[in-house]
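Novice: If you scroll down you'll find the structure; I have some questions about it.
The values are calculated or read from the model by the stated rules, or taken from the named source; none is laboratory data. From a predicted model like this one, the values you see are computed outputs, not experimental measurements. So basically every Cβ, Gly included, is an ideal-geometry build from the backbone, and we count neighbours across all protein chains shown. Each accessible area value is taken on the protein alone, full model and side chains, heavy atoms only, with ligands, DNA and RNA left out. Shrake-Rupley method; radii C 1.70, N 1.55, O 1.52, S 1.80 Å.
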Amino acid sequence: MPATALAEADSAPAVVTPSAMPPSFGTLALRWYRLNRAGLRAAAIGVISLLAFLLVWHLLTTYRVVFFVRFTNVPSPLAVYASFTKAIHDPKFLMHILLSCRRIFIGFSLAAIVGVPLGLIMGRFKLVHEIIFPVAEVLRPIPAIAWVPMAIMLWPTNEQSIVFITFLGSFFPILVNTLHGMSLVDPVLVRAAQCLGARERSIFREVYFPASLPHIFTGLTVGMGVAWVSLIAAEMISGQYGIGYFTWEAYSLVQYADIALGMIAIGVLGLGSSVLIRGAGRLVMPWRAK
Amino acid sequence: MSEVSVNAPKGHIEVRDFSLAYETIEGAVQAVTDTQIHVKPGEFVSIVGPSGCGKSTLLNAVAGFLKPTTGIVTVDGERVNGPSAERGMVFQQYSLFPWKTVRENVEFGLKMRGMPRSQRERAARTLLGLAGLEAFEKHYPEKLSGGMKQRVGIVRALATGPKVLLLDEPFGALDAQTRVIMQQILTNMWQRLKISVLFVTHDIDEAIFLSDRVYCMTARPGSIKAEIPIPLERPRQQSMMMSSEFLALRRGLMSLIREESLKAMGGEITDMGMQGLSIELHGHSLADVI
Ligand SMILES: Nc1ncnc2c1ncn2[C@@H]1O[C@H](COP(=O)(O)OP(=O)(O)OP(=O)(O)O)[C@@H](O)[C@H]1O
Ligand SMILES: [Mg+2]
């Protein structure tokens, strides 16, 4: 039976056959537009909605609206922008940001380095699961912030205790999601690997690990979010330096514009780090690309 | 190609005094009892039987996933006590690794055997070519149609040059046309590789069309009710399915299965009821309906 007949027989994905003439720029642009229409629409609406948010903020603050909430002292977007242009040239502000990023990087990386392998091993070996799971279940509901006093006692420096809090915040979501991923691995795939000659170690590397990756990345995304929450709280309570400390300090120093600036910086940093993780996920899991 | 084509037929399967019971909370469920089957080297043998009679159980025991409660399974005189690359398996659920491309899936068994990358790439390409899939080597399984997935599954199972190919209702989820093509491909590969095949199916036509011999099982607890040689000459053509010889075999097998299916349905169905049923099912095999 000829190969082409076979390939056509079941509905194969259409293979684009390049025509002799390369399409003109105009056709390409039109095609690109057609394919991305939905995305463009979403982007346009997104920009409009952000602008509307700024406008509402501007109006509420310029007219100092008091309606249950008081906007009397809330800085206007322009005031925040002004303090942003000042801050960006201020090495101290940049240091706050850099320090926070460093804490996140160390705490989160440690959580991933410990949490993912631990989850994989717990998912594979019952005994390890039976030993560690109860402890994890007891510690998990304790919010990282509740660890602040304990962390200060445990660690010799403030810096270490803040990193520890960040670590704790991201550790449990990473562990739990990795475990969840392991529990959902399709046993048929394990069998398929076994009757292709795979041994325990290869099955772990070639089946369990990649099969759990989507859930591991869910864990990393959630963990990153919680890491920022925990970090900011820890910095506000016990910090010197860091963007959380900056925000709290601005309040004590009655620099209202800096409060909003700190908040926005935290938002942007949080967004940036979750974009990074999503990008890493795409790189590591090309089969899930749409 | 040296790893797939060997001249002497191989893979003598023997199942002797076989029984298998599942341990459950309500006690042991006897799935298969007192079963003897064999597949001669290079032979194509099918197992048909009513739903739940233990076909998959038997096949999984030959694959090495299940241990017989009593009896013994041997392949070429060696006792089966675990899955191995000597016995390739194709599952009803498409069991391709979603994180591997078509070619990587096919390479998997060779990789497990430690074959160097360039060599196994070449081997995989050759095999994919035989199945008319070379154009899709870089695709991820998600993008393939059901028929193509199953074709890759067969190629993957054959890549390591197993002595025996086990298939558990591999075409059950495919539409009629695709099924016919898949049957052709399977026949071609089987003849080329001269290995023995044990094929589980619901479809009586499929069993007759493909096999040298068909085992018909009783309702649960399953055992062999009858063994029917299929003397149709090879190569087999689609047109043979209308021959009187084929139809006679079909009638015989159908009435055997009908008896067992009715038992399996647990009803004490009277002759009247049976007549009514067979009129309703006119033109279809009962096993198809169940
Ligand atoms: N893990 C299990 N525990 C308990 N009983 C089981 C288990 N697996 C199968 N059985 C029972 O054993 C019997 C045989 O199952 P098996 O899957 O081998 O049948 P089958 O002939 O392949 O059925 P089907 O045609 O539906 O695929 C069935 O009655 C089933 O309910
Ligand atoms: Mg079955």
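Novice: With N residues in the protein assembly as shown, what two-decimal value do you get for its Cα radius of gyration over 2.2 N^0.38 Å?
Specialist: 1.31
Novice: Then there's this: Express in nm, to one decimal, how much length is gained between A:Leu184 and A:Leu28 on full extension, taking 0.36 nm for each residue of separation and deducting their alpha carbon distance.
Specialist: 51.9 nm
Novice: Separate question: Set the Förster radius R0 to 56 Å, insert the Cβ-Cβ distance between A:Arg201 and A:Thr72 as r into 1/(1 + (r/R0)^6), and round the FRET efficiency to 0.05.
Specialist: With a Förster radius of 56 Å, E is 0.30.
Novice: Now a separate question. Search the structure for amide H atoms under 5 Å from the amide H of B:His12, placed 1.01 Å from N in the peptide plane, and list their residues when 5 or more places away or on another chain.
Specialist: B:Asp76
Novice: So what does B:Thr33 come to for accessible area, using a 1.4 Å probe and Å² rounded to 10?
Specialist: 40
Novice: Determine the calculated [θ] at 222 nm for the protein assembly as shown from helices alone, applying -39500 (n - 2.57) to every DSSP H run no shorter than 4 residues and normalising by the residue count; nearest 500 deg cm²/dmol.
Specialist: Taken over the protein assembly as shown, the calculation gives -18500 deg cm²/dmol.
Novice: In square angstrom, rounded to the nearest 10, how much accessible surface does A:Val116 have for a 1.4 Å probe?
Specialist: Accessible area, nearest 10 Å²: 20 Å².
Novice: Using the basic label-point model (7 angstrom from Cα toward the beta carbon), what is the A:Tyr63 to B:Arg117 distance in nanometres?
Specialist: Simple spin-label model gives 6.6 nm for this pair.
Novice: Show the residues, 5+ positions off or on another chain, whose built amide H is closer than 5 Å to the amide H of B:Lys225.
Specialist: B:Cys216, B:Met217, B:Thr218
Novice: B:Gln30 to A:Glu130: FRET efficiency via 1/(1 + (r/R0)^6), r the Cβ-Cβ distance, R0 30 Å, to the nearest 0.05?
Specialist: Efficiency at R0 = 30 Å is approximately 0.40.
Novice: Contact order normalised by length for chain B, with contacts defined as Cα pairs under 8 Å and 6 or more residues apart; what percent is it?
Specialist: Contact order relative to length: 26 percent.
Novice: In whole Hz, with x marking every Gly and Pro, tabulate ³J(HN,Hα) for the range B:148-156 from phi via Karplus 6.51 cos²θ - 1.76 cosθ + 1.60, θ = phi - 60°.
Specialist: Rounded to whole hertz, the list is 5, 4, 5, 5, 4, x, 5, 4, 4.
Novice: Which order do A:Tyr81, B:Tyr215, B:Tyr94 take when ranked by solvent-accessible area (1.4 Å probe, heavy atoms of all protein chains), largest first?
Specialist: I get A:Tyr81, B:Tyr94, B:Tyr215, largest accessible area first.
Novice: Using amide H atoms built 1.01 Å from N in the peptide plane, name the residues 5+ places from A:Gly197, or on other chains, whose amide H lies under 5 Å from its own.
Specialist: Here the answer is B:Ala85, since their amide H atoms fall under 5 Å of that of A:Gly197.
Novice: Quick one: Karplus J couplings for the range A:107-123, per residue in order, coefficients 6.51, -1.76, 1.60, θ = phi - 60°, nearest Hz, x for Gly and Pro?
Specialist: Karplus values, whole Hz, x for Gly and Pro: x, 5, 4, 4, 4, 5, 5, 8, x, 5, x, 4, x, 5, 5, 5, x.
Novice: Label-point separation (nm) for A:Ile88 and B:Tyr22, each offset 7 Å from Cα along Cα-to-Cβ?
Specialist: Rounded to a tenth, the inter-label distance reads 6.6 nm.
Novice: Further, regarding this structure: In the structure shown, do any of B:Lys40/B:Lys263; B:Lys111/B:Lys138; B:Lys67/B:Lys163; A:Lys126/B:Lys149; B:Lys10/B:Lys225 have a Cα-Cα gap over 23 Å, and if so which?
Specialist: Distance filter (> 23 Å) returns B:Lys40/B:Lys263; A:Lys126/B:Lys149; B:Lys10/B:Lys225.
Novice: Give me a comma-separated list of calculated 3J(HN,Hα) values for the range B:16-25, in order, Karplus coefficients 6.51, -1.76, 1.60 applied at θ = phi - 60°, integers in Hz, x for any Gly or Pro.
Specialist: Rounded to whole hertz, the list is 10, 6, 7, 9, 8, 10, 8, 7, 10, 5.
Novice: Does chain A come out rounded, prolate or oblate by the C-alpha gyration tensor, with a ≥ b ≥ c the root eigenvalues, rounded set by a/c under 1.5 and, if not, prolate when a/b is larger than b/c and oblate if not?
Specialist: It is oblate, given that a/c is not under 1.5 and a/b is not larger than b/c.
Novice: Rounded to the nearest Å, what's the spacing between the alpha carbon centres of the range B:26-42 and the range A:196-223? Just the number, please.
Specialist: One Cα centre to the other: 35 Å.
Novice: Pop the C-beta distance of A:Leu98 and B:Lys67 into the FRET formula with R0 = 35 Å and round what comes out to the nearest 0.05.
Specialist: The calculated FRET efficiency here is 0.05.
Novice: While we're on this one: Indicate, rounded to the nearest 5 percent, the antiparallel portion of the DSSP beta bridges found entirely in the protein assembly as shown.
Specialist: So the antiparallel bridges amount to about 55 percent of the total.
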